[in-house]
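Here's the structure we're looking at; comments come further down.
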Amino acid sequence: MLALLADSYSIHFMDNRDRQAIENIIGKTEDRAGALLSALHGITDKLGHIPVEAIPLIARGLNLSVADVYGAITFYKDFRLSPPPLNVLKICQAESCQSRDASGLTRYARARLGIGLGEAAPDNKAAIEPVYCLGNCACSPSITHNGKLLGRMDEKKLKELIDAIEEKP
Ligand code: FES
């Protein structure tokens, strides 16, 4: 099964430190109810994703099947099997932001980064994701960059942000 997964995801092999961190997290969660989700959240918080190689470790540690662990990872949107993009731009697509040209911002970001909404760049440097209200309607249009809320966004500010993303190695 892991060989099949390796074909589907860009595999990032764990080093010994990652393995130790994962084993510690599993050790702390194995006796608790909801141990699998707790372990998956713990690993995601620590490493940003769940390495494919960790799946059998988690399964063995929690006395589950590999299919159980894989099923939970792929069922919940919070979990991912490859590292997250370095820059995640979430562009609000809800009504207030749409009335203030969120579509134009989305088109601009797509054109600049060469990716669609909901996609990540092949080099994993950036991703654009839709979001439906950031609770910042009074300052529409709103976006987030790696979780940082940015209101009253316009194309000039977005250009500066994307310029900075592209300039970073
Ligand atoms: S609609 Fe965009 S922040 Fe509320």
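A short reminder: the numbers here are calculations on the coordinates, not readings from a lab. Model, not experiment: these values are computed from the prediction. Don't worry about glycine lacking a Cβ; one is built from the backbone with ideal geometry, like all the others, and counts go over all protein chains shown.
Taking Cα atoms only, the orientation of helix 102-113 departs from the longest principal axis of the chain by about 70 degrees. Residues within the reach of a label modelled at Glu95 (point 7 angstrom out along Cα to beta-carbon, backbone nitrogen below 16 Å), restricted to the stretch 108-130: there are none. Among beta bridges from DSSP that stay inside the stretch 87-167, the antiparallel ones total about 55%. Per 10 Å bin, what percent of the C-alpha pairs of the stretch 12-75 does each bin hold, from zero upward? For the stretch 12-75, the binned pair fractions read 24, 63, 13 percent. Listed by chain and number, the lysines placed with their C-alpha closer than 23 angstrom to that of Lys156 are Lys90, Lys125, Lys148, Lys168; residues fewer than eight positions away on the same chain are left out. Full extension of the chain between Lys77 and Lys156 gives 25.3 nm of extra length, using 0.36 nm per residue less the Cα-Cα distance. The value of relative contact order for the stretch 1-151, using C-alpha pairs under 8 Å at least six residues apart, is 20 percent.
For the stretch 69-139, the square roots of the Cα gyration tensor eigenvalues, ordered a ≥ b ≥ c, give a/c of at least 1.5 with a/b no greater than b/c, which places it in the oblate category. Using just its DSSP H runs of length 4 or more, each adding -39500 (n - 2.57), the chain gives a mean residue ellipticity at 222 nm of -14500 deg cm²/dmol after division by all residues. Kirkwood radius for the chain, taken over all pairs of different Cα atoms as the inverse mean of 1/r, rounds to 17.7 Å.
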